[in-house]
Amino acid sequence: MPRAARPGFTLIELLIVVVILGILAAVAIPKFNDSKRKAQVGAMKGALRTALTAAEAYFADHNTYVGFTFPVADPVLVAPGMRSSTIVELQATHANLPGVVCRAYLGATDAWGWAPEGTVLRQGQIGGALCK
């Protein structure tokens, strides 16, 4: 008496599907994480652009950068770093990117600005070694 064919998948077919899904996940997850990091750095850069405008407006009103503060809600924090009456270096950090700092510089000269990791910034330029 011949056996009746049972509907369903064989173990080999299921294993092939699992392997294919694993390969797709191995490719997609790093791409997703990279996109998420780029979005977070973009949020830092956007907050810095807003802070640069606010710092220029503060300087126009007070003729000094001393006393300038720029509160930004979490997860991005923008704070003045190096600061004098004619120079301010703004630093942006993100709560989900520890160690990554974006910087921007405004000052009396547009020749150069200095960031701790040795990055040379032009006036109003946003950058930093890890801000990419």
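The values are calculated or read from the model by the stated rules, or taken from the named source; none is laboratory data. Only a predicted model underlies this, so the values are computations on that prediction, with no experimental measurement involved. Every residue, glycine as well, gets a Cβ built from its backbone with ideal geometry; the counts of neighbours run over all protein chains shown. When the accessible area is computed, the model is the full protein with side chains, heavy atoms only, and any ligands, DNA or RNA have been set aside. Shrake-Rupley method; radii C 1.70, N 1.55, O 1.52, S 1.80 Å.
Worth a mention:
- Accessible area of region 1-60 belonging to carbon and sulfur atoms, whole % at 1.4 Å probe: 71 percent
- Region 49-106: C-alpha gyration tensor shape, a/c 1.5 cut-off, then a/b vs b/c: prolate
- Protein heavy-atom accessible surface, 1.4 Å probe, per residue over region 48-99: 55 Å².
- Sparsely packed loop sites in region 1-83 (the trypsin sites (Lys or Arg not before Pro) outside DSSP H, G, I, E and B with at most 12 other Cβ atoms within 10 Å) comprise R3.
- All other residues whose Cβ lies under 14 angstrom from that of G67 are scored, Lys and Arg at +1 and Asp and Glu at -1, for a net of 0.
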